[in-house]
C-alpha cells in the first residue's frame, strides 16, 4: 500500500471515530434530558457532566417520602456513570451499555405484610395516562455497584422494625430489560453483613428471569453474627442469644415457578442467655438439647430442601418443609421430632419473610 492509500485509510478511520463520538454525545444528551423527569421531585443532583463515553452524575440523592419510610434517604451515590449504547439512536426505547454506581447507599423496607419496597420514588410511580401509549422499553446491559451500603428495614418481624446493615457491597447485574423483565439476568453479588459483635459475608451468583421467576442461584452466608438475627430465631418469651455465628449454603433452581433448593445451615459457638427453667426453648427446640449439642460438638448442622410452587399461597411455610427441617434438627440434637416442628417452622418463616 502506497503513502496516499495510507492517508485515505487514516482519514476514513478519523471520520468514523468522529461520527461515533458525536453519536455517543447525542445519546448522552438525550439521556441527560430524561434524567430529571425519571428521578422525580425528591431527587437532587450535585452536577451532571457529559463526556466522550457518557453521562456522569455527582452527588445524587433521592430523599425519602415524608410518611412511613424508616430512613432519611432512599438512595445516595457519590458518583453514577451512565454509558449509553449507540443502539438508542436507531432502536425503539433506550439502550444503555452500563450504569456504574460508586460509594452509594440504598434503603429497603419489608412491610408488616411482607412486601419488599425498593426505591418507591422510581418504582412506585403512578401509571401514566393509558392513552399516551405503553412505557418505553429500556435495556441496561450491565449495572455495576461498587462499595455500596444497604440498610434493610424489616417491619414483618415481631416487635419493632429490625434493621440489617450490609456494607462493602459489590455487584454486577444485567441485562435488565424494562418494563417486561423478560430476559435472563445474571447476578454476581458479595457483601459484608454487619453484626453487633462481628461481621459476616454473603455471596449470591447465578441468573434469574424476573418476569417468569425462572432462576438458577447459589447463595453462601459465612460467619454471620447470630445476635443480629435474633428476631428470626426466637419465639415469644424465649431467652436471647449471647453470641454465635451462622453459615448457610443454598443451591436454588426455579422452573415453571417450581422451586427446588437444597441447603445446609450451621450454627457455631452458640451461647444463650439464661432461660426459664427446664421448659426453656430456643427456636421452639428444648434449650438444654441445644446447649448439650454445642458443648459436645461446638456446632449444630441441619440439612434441608426447600420445594414447592412459588405461585401457591400455602408455599410460604408448608408442612412438608417444616417437617423436613425439624427432622434434621431433631436428628442432630437427639430430641423428639414432635416438639421441634413448630419451632423450626417459625425460624425459617422469619428468615424468608413468608
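Assess whether residue 157 counts as being in the same structural domain as residue 78 (by TED's automatic domain parsing), touching a helix residue (DSSP H, G or I) at 6+ places or on another chain (Cβ under 6 Å) and at pLDDT below 90.
So residue 157 passes the test.
Is it the case that region 254-268 has a residue that's more than 24 Å from residue 307 (Cα to Cα), crowded, with 16+ Cβ neighbours inside 10 Å, assigned by TED's automatic domain parsing to the domain that holds residue 214 and at pLDDT below 85?
No; the residues of region 254-268 include none that is more than 24 Å from residue 307 (Cα to Cα), crowded, with 16+ Cβ neighbours inside 10 Å, assigned by TED's automatic domain parsing to the domain that holds residue 214 and at pLDDT below 85.
Exactly one condition in (1) under 26 Å from residue 119 (Cβ atoms); (2) touching a residue at least 24 places away in the same chain (Cβ under 8 Å) is not met by residue 188; state its number.
(2)
Among the residues of region 97-115, write down those that are touching a residue at least 60 places away in the same chain (Cβ under 8 Å) and surrounded by fewer than 18 Cβ atoms within 10 Å (Cβ to Cβ).
If the condition is that a residue be touching a residue at least 60 places away in the same chain (Cβ under 8 Å) and surrounded by fewer than 18 Cβ atoms within 10 Å (Cβ to Cβ), then 114 is the only one that fits.
Here are 187, 204: which of them is closer than 19 Å to residue 266 by Cβ and either assigned to a strand (DSSP E or B) or not assigned by TED's automatic domain parsing to the domain that holds residue 309 (or both)?
It is 204.
Is it the case, given these coordinates, that residue 306 is within 24 Å of the chain's Cα centre (by Cα), at pLDDT 85 or above, closer than 24 Å to residue 193 by Cβ and not in a helix (DSSP H, G or I)?
Against the criterion (within 24 Å of the chain's Cα centre (by Cα), at pLDDT 85 or above, closer than 24 Å to residue 193 by Cβ and not in a helix (DSSP H, G or I)), residue 306 does not qualify.
Mind listing whichever residues of region 48-64 are surrounded by 17 or more Cβ atoms within 10 Å (Cβ to Cβ) and either under 24 Å from the mean Cα position of the chain (by Cα) or touching a residue at least 60 places away in the same chain (Cβ under 8 Å) (or both)?
57, 60, 61, 62, 63, 64
Looking at 212, 245, 249 in this structure, which one is in the same structural domain as residue 312 (by TED's automatic domain parsing), part of a loop (DSSP other than H, G, I, E, B), within 26 Å of the chain's Cα centre (by Cα) and modelled with pLDDT of 80 or more?
One residue alone meets the criteria, 212.
Sort through 195, 200 and tell me the only one that's in contact with a helix residue (DSSP H, G or I) (Cβ under 7 Å, 6 or more places away or on another chain), at pLDDT 85 or above and crowded, with 16+ Cβ neighbours inside 10 Å. Full working, then the answer.
Details: 200 fails: in contact with a helix residue (DSSP H, G or I) (Cβ under 7 Å, 6 or more places away or on another chain).
Only one candidate passes the filter, namely 195.
The values are calculated or read from the model by the stated rules, or taken from the named source; none is laboratory data. Treat the numbers as computed from the prediction; the structure is a model and nothing was measured. Glycine also receives a Cβ, built like all others from the backbone with ideal geometry; neighbour counts cover every protein chain displayed.
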